[in-house]
Every structure is written in structure tokens, then in C-alpha cells.
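One structure below.
Bear in mind these aren't lab numbers, they're just calculated from the coordinates by the rules spelled out. The structure presented is a predicted model; accordingly, all values stated were derived computationally and were not measured. Here Cβ is always computed from backbone atoms with ideal geometry, including for glycine, and neighbour counts include all displayed protein chains.
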Amino acid sequence: MNKYVALILLLCPILVANAQIADTLHFNLPQYMDPVYDSYSENFLNLNSTGKGGTGLTSLGGSEQVHLNPAGLIAPKAIVHLEMNVKNQMSEIDRLNNRRYVNPIPFGTFGVAMELKPNLVTAFNYSMPKSIYYNEFELNMLQEGYLLFRQPKYYLHQLTGTIAYHRENLHLGLNLHNQLHYLDDILFLGAYNRITKTKYILMPQAGAIIDFEPFSLGLTFSPELPFKLDTPYQDYDSVIPMAAKLGARYNNGNRNFYLEADFEQTSQVNELYDDRISMSGGFEYRLRNHIYRAGLSYRPCIYTGYFLKPINNSEYQDPSLAWNQILPYGEIENSDQLLGSIGFSYKLKFGDISGAAIFDVLGNAPVGQFQLGMSVYTDILKKKELP
């Protein structure tokens, strides 16, 4: 009997270790592009939405509105919109190496919207929906003879063309997102060379809004698309996951109340991931030329556990013992976020100025973002005729 007990006690650590290895995450997308990093890399676009917890699928607005729902695009007059975003630094996702993620480019979106004909509107936008810069990975080489630095970064550059059609209480829209995924200094353990890659993807997004006062319903849908990228040490063959959003608005005079749900099928990227379902609520109050906003948004993490860092397994792998300084794995901790936000807008004759701030209150992934923006009607640039 004692022999069986001893055997069981001996096998337990082995079985646990094998179970952990089986459940260890291998990135199917380039590491910092992977959705487990969305808690930091995603940028809030459309500061009017940011101020009310990221809601606004049922709102109507200028070129900034296409980042939420293309059906909400209106432009009685040609208008230009610019937003600047500032994001705080945050400790890395595995909290092991005391490094930080930063967002060094304080840019959000720039766009112009105009009416083609009654009920038909178009817009063009440049934006940066995702950005992350790891500052920084360093390795002592040759017994500290020199340092090897790596600063992996991922930027999603997006040029969007939009068309929207309005007919009484029905609004329809389509976005064509021309996405350039830019990855620089891609990190592979055991590899010295610096790797830069770009990948172009055309991502369609359809949207609709239905008004039946005092309520409105809005929805958007983006399909799953294949993603393939070859690097010297790993070939990626995965997907950009399907995403859908559904929202409702209740209007009470100069007050609007919003409730929305976002679904992203991240389990298609990796079988270890949960699908992400986010919930948001917002409030908006208009007082003459002023608009005040507030909101909450809950965004759950999709994975907790260990991950293996990308490694150079080719015949050209560097055999230096210096790489032993770096753990080949990390542990992703809980990154559930509860985001609180506030915002304002001030209407002017030539357009409006706005500001918003959103910040995590749980502390698992303490991200904060501050935005300032301005919309300007282009007719102020026209010369006035003298009487």
C-alpha cells in the first residue's frame, strides 16, 4: 500500500507539469498583435464615444462616428475632424521583467466627411486603432561586454472609406478599412537579426441604425478574415476574428442613455482563448451649447496562464549562453478591466471642441487614455463676398 502511495505522490508533479505544458499558450498571431494584448494596445477612437464608456452605436455624427458605426455618418456640411490621444505607460502583461508598454504616438484619427447627394454621405479617415511599443527588452552579451536591445512594436494603420444612406428612420452604412499591420523588431529568442514586417488587409464593416423614438437600435458586423505572415523563424496562419456589436439608446429630451454589447470571436484565433463579450453603458446630457458625458465599460480578459515566447528554432539559432538570462515563458495574469469615463463637447459656430478621459478602476490592467479633438466646417475657409 505504501508503495502505491509513494508512486502516486511521485507521479502527481509530473502529471501537473504535463497538464500545464498542454495548456501553455503558443501565439498564433505575431506576439504583440495577439488579442491578449488588447487591454493595452487598443486605442479608443471617437472621443464623444469615449466620454460615455465607448457607447454610441446609435449616435449620428461626423467622420469620427464611422469608428463606431458607419450608419451613423451624417454631414449637412463638409466637416474635418482631428483627435489626439495620450495613453499612460503600463507594466508588461506577464509582470515578470519589470518592463513597460508605451504609446509614443499621441495620434487618434483625422477625417473629412461630406454629402454626395441628399440622404447619401461619404467620409475618409486615417486612424490608429491599435498601437503598442515594448520598452524595452535587453540582453547582456559576452559577459556584459555589450547590451543587445530590442524594442518590439506593433502599429495598426487604417485608412477608411465610408458611405452611408439615410431614409427616414433607417440608416445604413459600410466601412472599407484598408489596414496596414506594421510589426517592427519582432522578437525571437536566439535570433540577432531585426525583423520588420507589414501586412495589408481589407476589412469590411457593415452597420445599421433604426429609430423609433424615444428608442434607437444600432448594430455593426465585421467578418472573420484570414491572416498569413511569413517570418524567417515562424510562419503565421491564423485569422482576424469576427466582431459584432449591438446597442440601444433611450432619449428623454436633452438626455440620452446608452447600453451596448460587443462580441469578438477570439476563440477562433486560439482554442485556449475565451470569446470576448464586453458590456458598456453611457449617459449624455445637453445644456445649450454644452454636452456632458459619463460611462462605464466592462472588458473581460480572454486568457490567463502561461505562454511560450517566440523562439528561433532554425539551423541558424544562436547558441550563446547569454540567451539563458531570458525565461522562455511568461504568465499572463487576470486583465479584466472596468473602465470609467467622462467627456464634454462645446458647440461653436465653426464646429466644436471636445475632450474625454477613460481609465481602468480595477487595477488589473491599469490603462488610461486622454483625448482632445476638434471638428471644423470647411466653409469657414471660403472667402466671403464683399457687399
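A few notes on this one:
- Computed from backbone phi with θ = phi - 60° and the Karplus coefficients 6.51, -1.76 and 1.60, the 3J(HN,Hα) list for region 289-294 is 8, 10, 10, 10, 9, 7 Hz; x is used for glycine and proline.
- Length released on extending from D23 to L338, taking residue separation times 0.36 nm less the Cα-Cα span: 110.7 nm
- Set K199/K228; K153/K245; K153/K197; K77/K130 screened for pairs whose C-alpha atoms are more than 19 Å apart: K153/K245; K77/K130
- Sequentially through region 341-349, phi angles give Karplus couplings (6.51, -1.76, 1.60; θ = phi - 60°) of 9, 9, x, 8, 9, 10, 7, 10, 5 Hz, Gly and Pro residues having no value and appearing as x.
- Dipole magnitude of the chain about its Cα centre (Cβ charges: Lys, Arg +1; Asp, Glu -1), debye to nearest 20: 1420 debye
- Against the chain, whose longest principal axis is taken from its Cα atoms, helix 2-22 shows a tilt of about 40°.
- Neighbour-count order for R276, R299, R167, R293, fewest beta carbons within 10 angstrom listed first: R167, R276, R299, R293
- Amide H contacts of F227 (H built 1.01 Å from N, in plane; Pro and chain starts excluded): S238, V239, I240 sit under 5 Å, all sequence-distant by 5 or more or on other chains.
- Three-way shape call for region 28-381 based on the alpha-carbon gyration tensor, with the a/c threshold at 1.5: prolate
- When you filter the chymotrypsin sites (Phe, Trp or Tyr not before Pro) in region 172-261 for DSSP loop state and at most 15 other Cβ atoms inside 10 Å of their Cβ, you are left with Y192.
- Local net charge near A243, Cβ-Cβ under 11 Å (Lys/Arg +1, Asp/Glu -1): -2
- Here the Gaussian network model covers the chain, with springs between Cα atoms less than 10 Å apart; of L29, L47, L308, L308 fluctuates the most.
- Working note: Karplus 6.51/-1.76/1.60 with θ = phi - 60° gives region 61-74 the couplings x, x, 4, 5, 5, 5, 6, 9, 7, x, 5, x, 6, 9 Hz, where Gly and Pro are set to x.
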